[in-house]
Structure formats: structure tokens, C-alpha cells
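Okay, so here's the structure we're looking at.
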Amino acid sequence: MATPPLLILQDIRQGFGTTRLLDGASLAVAPAERLALVGRNGSGKSTLLKIAAGLIEPESGTRFLQPGATLRVLDQEPDLSGYADVMSYVEAGLGPADDAHRARYLLESLGMTGAEAPAALSGGEARRAALARALAPSPDILLLDEPTNHLDLPAIEWLETELAASSAALVLISHDRRFLESLSRAMVWLDRGTTRRLEQGFGAFEAWRDQVLEEEERDAHKLARKIVREEHWLRYGVTARRKRNVRRLENLQSLRARRRERTNAPGRVSMAATEAASSGNLVIAADGISKAFGGRPIITGFSTRIMRGDRVGILGPNGAGKTTLLNMLTGTLAPDAGQVLLGAGIEMVGLDQRRAALDPAVTLAEALTEGRGDMVHVGGAPRHVLGYMKDFLFTPEQARTPLGALSGGERGRLMLARAFAKPSNLLVLDEPTNDLDLETLDLLQELIADYAGTVLLVSHDRDFLDRCVTSVIAFEEAGRWQEYAGGYSDMVAQRGHGVRARAAEKQAPAPKRETIVSAKPTTRKKGLGAVEQHELKTLPARMEKLSAEIAVLEKRIADPAFYARDASGFAKATSALGAAQAALQQAETRWLELEILREESGG
């Protein structure tokens, strides 16, 4: 018998003013389920999640939470007022039976100490504190709305591991494709107020969504229903765009191959004579540039050549100096040593992700035309504003909409439209994917692929980097940066790991984790940190749980009739057994490492 759901939303209806946001939406969450809730910006995902959390009462419909089931939600706008410090705020979310050490472990993993004053926190720090508070208890259901916002790559990958090991049922809203692919096991698509469910992870979602839309289009023609041209394009153009982007990925591979040919070896850049800066093909030549602040090296002896048409990603942990390096490469910040030469005739345009230039009282059309008639000049040629709006997924009816009424994703699309309307041959994008939904990310990918100039891109979105860039400049350690041909996955394949947290460079050199059991430390540790103490305390329970899971799977597989009865189930059980055995081996090795460290430190 199937396990009954912990949470059920049925026939939920909710509107704001004359707009019907949810029109019969449903959601069911079973124990330990991994659900991703997806939909366009403004479709009502966050509203549905708030109703699920009990924070909003719907106009109609039913919400049922199993008696005794615990639920936690990630606050989008956390309120830390009334708390002496961040630690107090996080600990206030713990229950009587929860592990008190977990609060410190989570905060340290997210780059905070817990002693920070709430009034002094940035928006990103407040969000990380809220994430620690949501993860600190051991709830039955965890509702997470954009949990990767304001996190750098090391923190995102840590969060993936943390959530994968959690026993809670997860409902995730995220626009990070790689994050969704790693964690989701089922999809709920919120579209035009209603929900559809797919019993597969995000990897299968986009093809399934395209199929649903194509079937709707065929049915609409069969029934001779009139489809408004703009609405038809707005909805079904998504499918065509994704297929075009698949073809563009093939073109990107050829660009990466050319990039590799310009280098002597993977990850190594050969500098040409600086006199070549006058060439129209050379956009940026950096030779041995260095920068330090307060005695700490940010960039040390970095060199690169960026040619016309290159798409270069810059990635590293928060605080590593990505924006500093970007400013040095574009000539807005002088290096302490070395030199940067820019090619002739550079026209640079940057994307203002803070959107500070947007007046909320101005209409969408006025923001694009700058209040001068109905025409937008794109690439030196005039275009009617309504036609240009359509390129960025806006309908003609939105032309007179005040900017203050736009959603975050719509404001993001507007910034893209303004940036791409300006004449340029160097496009500088600092975290352009913030607040963009999947369809807008596809649009941005298409715009970058079609852009005739050069692109410098700072991003923590691994999938977006893989889809867009020809090379990446990655932070290594102690101010050292290295360029790798290809995207993020190519970089990982070349150097053997992803982006590591900057704090790692402060640690004294130590044996690698995989050899620490047999290595003899040259120095004596004072004691285990809070993170290590938490690991040492929780690993035995995890190993016991994995051993029990392995025993159950081995018993199932040993049944000679199992394969004949359910070949698909047999394959899944075999795969699960291998994964559990590997996880148990890893947990046992880590436990042994920590035990040795504890004994050596006298703990």
C-alpha cells in the first residue's frame, strides 16, 4: 500500500485584484519525496508555496497536513529583528529534540560565524541565515523558494549534498537547472493557474513540457479555436527556442575547439606581443596583472588574450575577486602591476542587475524608447517598440504597464532588452541570471549565441556556463587565477574539482582527505571544529541507516523471482544497492578520519 501524503493542496484558487493567479492548482507531498515546482515568473509558484506553508489562506480549496507532521519554509524576506545575533535567530528555529550543534555547523558551512549583528547583514547574508534556520530542525517537509539565491558555487554544491542526505520531503522552487537535475525526482508544472505532474526529475521535464504544448497546439487547431498571434508565439515559441539552443550548443563546441587551438595546453594561455592590441581581432590583452587590497592578494600575475567572438566566464567563491578581475579586464580598475590593453573601437555595454536605473512610474514602452516616440533603435536600425517587446516575451498589452507592476523576472527581461538595444561589441554581464525563469534563461542564452561581439560573464550557474562560454577563468587560491578552455564541466574535468570555498586557502597545508588515514600529521590539531564535531556525532546513525538499507536491498535482490516479476524494479534496486554501498564506504572512511583527528587532538 502506498504511503499517504503528508501534505495535500486541492483545487486551490487565488487571485490578486482582477488577475486569477491560481485556478484549481493541486499539490501532494509524500514522505521523503523530492518535488520541483516550476513555472514562469509571475505564474504563482511562491504563492502556492506560501499556501502550502499555511502562511496564506486561499480564496477556495483545501489544505491538509498530516497531524503531527512538521513543516519548515525558507523565508524570502527574513525578519531578524529582536534577535541579539544570527546564532540566536537560527537556534530559535530548533525544536526540543533537535541537535543544538547543527545551527553552528550550518552557519559555518554557509560562511557565517553566528556572531553577526542582524542590523548589519546584507540581503544575501540575511538569506543565508534564513536558509540555516530552515535546515536546522529535522522537519518532515521542507519548502525552499530559490534556496541558491545569493549563494556562490561552493555553497550551492554543499547545499546539494546536504539536501540529498536529508530525510525530509523537499519542495523546491529554483531556476538553477543543475541544482534541479541533482535533487528532483518528480516535477509539478504550474501553468496558467493549474498544475501538471511528471513522475520524473528535471532532466525529463523540458522535453515533456514541449510535448504537452505541441499537443495543445494540435488540439487547438483540430477544434478550430482562434489563437491570438502574440499569445501563440509567447507560449509555443518556448519549444522552438529550446530546440534552437540545442543546435547552438553544437556551434559552441566548435568555438571551444578553436579556443583550445589557441592555447599551448589545456588551461594555459600563450601571450602575444602587446603591439597586437591594435588588431581588430584582439579585444583584451592582459599581461601579468596583479591587485591586492589591505595586503591580501586578489589577482596575482594573471595573463590572458580575449579575441573577438570569445565568450569568457569568470567564476570563483564569494569574495575571491571576480568583479575586481572583471573591472581590471575592462579597464575600469588599474592593476597594481602588469598591464591591460584594450583593442581599438571598443564599445562596451554592461547589464545592471540591481535595476537601479528603472523608474517604477515609467511604462514599459517608455523605458525602451526613452520616451521618444514608438521606435527603438537596435543595431542602428529603427524597430517598432511592440515588435521589439515581443522578442523579450512581452505582449502588446504590457506596453503601458508601469515598471513598478512588473515581476522580478519581467524586470530582468527589460534590462536585457535595454542592454541589447545599445550598440556594443563587448557585453559585460555580472550575475545576469538572477531572478530569471527558465524561459528567460533560454532567451538570454539565445541572445549571447547570436551576439556578434565578445562576452565577459560572471555567474554561479553551472548549466548556464556550460551552455554559453568558450572558456572560463577560475579562481585557484591565494590570488591565483587560471583559464580553462570550455565550460564549467570542462574545467572540472581538467583540474579534477569544482570551485572551492575561499576559506580553504587560510588553512595550513594538510594531507589530502583521501590519504589522511595513513598519513602522519606534522602538527597537532587543537581540536575538531563545529562542522567536524557534528559530522562525527551524526555519522554513526547514517552508517547504521545505510547498513539497514543495504540489508533490505540485498534481501530483495536475492529473491529469484524478483527479476522475472519486475525487471525495471530489479534494475532500480541494483542501482540503489550500489549507491548505498558506495555511500556507506565513504561514511566509514570519513568517520575513521575524524576519530583519528579526535584522538590526536586529545578530544
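The values are calculated or read from the model by the stated rules, or taken from the named source; none is laboratory data. Predicted model, so just to flag it, every value in this text is computed and none were measured. Every residue, glycine as well, gets a Cβ built from its backbone with ideal geometry; the counts of neighbours run over all protein chains shown. The area values use the complete protein model at the heavy-atom level, side chains included, leaving out ligands, DNA and RNA. Shrake-Rupley method; radii C 1.70, N 1.55, O 1.52, S 1.80 Å.
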Pull out a ≥ b ≥ c, the square roots of the eigenvalues of the alpha-carbon gyration tensor of the stretch 59-99, then state rounded if a/c is under 1.5, prolate if not and a/b is larger than b/c, and oblate in the remaining case. oblate
Using the alpha-carbon centroid of each, what span in Å lies between the stretch 360-425 and the stretch 103-169? 36
In the stretch 276-346, what percent of the accessible surface is made up of carbon and sulfur (1.4 Å probe, ligands and nucleic acids excluded)? 51
Under a 5 Å amide H to amide H cut-off, with H placed in plane at 1.01 Å, what residues pair with Trp481 once short-range neighbours are removed? Thr300, Glu476
Check which residues have an amide H placed less than 5 Å from Ser174's amide H, if you skip close sequence neighbours. Leu37, Glu146
Neighbourhood net charge (15 Å Cβ-Cβ; Lys/Arg +1, Asp/Glu -1) for Leu121: -3
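Mean projection of the alpha-carbon convex hull of the stretch 83-163 over all orientations, in nm²? Kindly include the intermediate steps, with their values, before the conclusion.
Values: hull surface 20.6 nm².
For the stretch 83-163, the mean projected area of the Cα convex hull comes to 5.2 nm².
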Suppose R0 equals 22 Å; then what is the FRET efficiency for Ala100 and Ser547 from their Cβ-Cβ distance, rounded to the nearest 0.05? 0.25
On the accessible surface of the stretch 18-142, probed at 1.4 Å with all protein chains in place, carbon and sulfur together account for a percent value of 48
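Would you rank His384, His175 by solvent-accessible area, highest first, keeping every protein chain in place and using a 1.4 Å probe?
Reading off the accessible areas and sorting them downward yields His384, His175.
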About its Cα centre, how strong a charge dipole does the stretch 148-220 have in debye, to the nearest 20, once Lys and Arg get +1 and Asp and Glu get -1 at the Cβ? 220
Any residue on another chain or 5+ positions along whose placed amide H is under 5 Å from the amide H of His377 is listed here as Arg383
Cα→Cβ-extended label distance, 7 Å offset, between Ala399 and Glu59, nm: 2.9
With unit charges on the beta carbon (Lys/Arg positive, Asp/Glu negative), name the residue among His377, Gly409, Phe464 whose Cα is farthest towards the positive pole of the charge dipole of the stretch 350-504. His377
Sequence order, the stretch 358-371: Karplus ³J(HN,Hα) from phi using 6.51 cos²θ - 1.76 cosθ + 1.60, θ = phi - 60°, Hz rounded, Gly and Pro as x, gives 8, 8, x, 7, 6, 7, 4, 5, 5, 5, 7, 8, 6, x
With a 1.4 Å probe and all protein chains left in place, how much accessible area per residue does the stretch 325-475 have, in Å²? 37
Residue-level accessible surface for Phe475, protein heavy atoms, 1.4 Å, Å²: 10
Using a 1.4 Å probe and ignoring any ligands, DNA or RNA, find the accessible area of Glu181 and quote it in Å² to the nearest 10. 80
Label Ile8 and His384 with points 7 Å out from Cα along Cα→Cβ: what is the distance between them in nm? 5.2
Rounded to whole Hz, the Karplus (6.51, -1.76, 1.60) HN-Hα couplings of the stretch 328-345, x for glycine and proline: 5, 5, 8, x, 8, 9, 7, x, 6, 9, x, 8, 10, 10, 9, x, 6, x
Fraction of accessible area attributable to carbon and sulfur, the stretch 403-505 (%, probe 1.4 Å): 46
Output the relative contact order of the stretch 296-390, whole-number percent, from Cα pairs under 8 angstrom with separation of 6+ residues. 12
Got a sec to turn the phi values of the stretch 194-199 into Karplus ³J(HN,Hα) couplings, 6.51 cos²θ - 1.76 cosθ + 1.60 with θ = phi - 60°, whole Hz, x for Gly and Pro? 10, 10, 10, 10, 10, 8
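Would you kindly state how much longer the chain becomes between Asp336 and Glu214 on full extension, computed as 0.36 nm times their sequence separation minus their alpha carbon distance, in nm to one decimal? Provide the component values of the computation, followed by the final result.
Details: separation 122, 0.36 × 122 = 43.92 nm, distance 5.69 nm.
Full extension from Asp336 to Glu214 adds 38.2 nm.
Taking the solvent-accessible surface of protein heavy atoms with a 1.4 Å probe, what is the per residue accessible area of the stretch 1-104 in Å²?
Result: 51 Å² of accessible area for each residue.
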Contact order normalised by length for the stretch 368-456, with contacts defined as Cα pairs under 8 Å and 6 or more residues apart; what percent is it? 27
With all protein chains modelled, accessible area of Thr324 [1.4 Å, Å²]: 30
